[in-house]
1. If I filter the range 55-68 for residues that are closer than 20 Å to residue 269 by Cα, more than 14 Å from the chain's Cα centre (by Cα), modelled with pLDDT under 95 and not assigned by TED's automatic domain parsing to the domain that holds residue 156, do I get at least one hit?
2. Being modelled with pLDDT of 95 or more and in contact with a strand residue (DSSP E or B) (Cβ under 6 Å, 6 or more places away or on another chain) is the filter here; which residues of the range 194-223 pass it?
3. Among the helices (runs of 4 or more DSSP H) contained in the range 35-111, which hold 2 or more residues that are in contact with a strand residue (DSSP E or B) (Cβ under 6 Å, 6 or more places away or on another chain)?
4. Would you tally the residues in the range 286-300 being crowded, with 23+ Cβ neighbours inside 10 Å and in a loop (DSSP other than H, G, I, E, B)?
5. Among 120, 138, 89, which is surrounded by 19 or more Cβ atoms within 10 Å (Cβ to Cβ) and within 17 Å of the chain's Cα centre (by Cα)?
6. Could you say which residue among 253, 236 is modelled with pLDDT of 90 or more, over 22 Å from residue 189 (Cα atoms) and assigned to a helix (DSSP H, G or I)?
7. So, in the range 217-231, of the ones that are in contact with a helix residue (DSSP H, G or I) (Cβ under 7 Å, 6 or more places away or on another chain) and not in a loop (DSSP other than H, G, I, E, B), which residue ends up farthest from residue 95 (Cα to Cα)?
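The values are calculated or read from the model by the stated rules, or taken from the named source; none is laboratory data. The structure displayed is predicted, hence computed values, not measured ones. Here Cβ is always computed from backbone atoms with ideal geometry, including for glycine, and neighbour counts include all displayed protein chains.
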């Protein structure tokens, strides 16, 4: 079984997506659509790198353009997937792969998602941290941080790595405990502090999400189960993941239990490759394929077509 994993924020790098966009016209068209929605030349931002690329209102549509450009190339070469999973912001791309919206509308939705989240983060500044250990330790971190401010469980990414999100005061308090590492993100993602973004994004989601068509399934990174084919249910899952913990750990476990043997990471793959490898002790090791260069894409075609 071939599974495609759509990368979210965290593994971005200057120059991502440029090689394919400059040599493959459909990729350039996707970047153009995402740039129009973001109000910024995203290819130029990727080329330059720096702080502007890291702004979530630009980074999310740029990551979607990178991922779906690679998906277009692979599909044109005859590579089809059975199931898709998106990492956080990558869930927009996963829904597009499952036929809930067009690739062009995915770029638009990602731009609107990033903009809504950035505005919510400016209204309630905060961030995220990783907690190493067990679930009980993550709960202890939340309880300790809550004495200073708002802090919440933001999910689990591996068997011993949990996320918390909150305002700056709470995160400073949490960081005083052992095993807590602040993350380089610009807002308190996957927690109730993002509630204003849900209200802003809802009409956009309702306007572009359709009933899924085709045979590709998708896995929610909140429920760690197959997502609905119904437009309303899929849209609600996409919205709720803004304020709910991300259960990436169990979502990857689900893929492996289902028998995924070839994992293709769409977009910058360093973070997702590392996370996926933490699951290999319990399963026959699938192969992980990166798509960050034209050479890697051509190797996937050679091996999987």
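1. yes
2. Selection gives 218, 219.
3. Passing ranges, in order: 56-76, 91-97.
4. 2
5. 89
6. Exactly one of 253, 236 is modelled with pLDDT of 90 or more, over 22 Å from residue 189 (Cα atoms) and assigned to a helix (DSSP H, G or I), namely 253.
7. 219
Conditions (1) at pLDDT below 95; (2) assigned to a helix (DSSP H, G or I); (3) over 21 Å from the mean Cα position of the chain (by Cα), marked per residue:
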residue	(1), (2), (3)
9	yes, no, no
13	yes, no, no
20	no, yes, no
26	no, yes, yes
29	no, yes, yes
32	no, yes, no
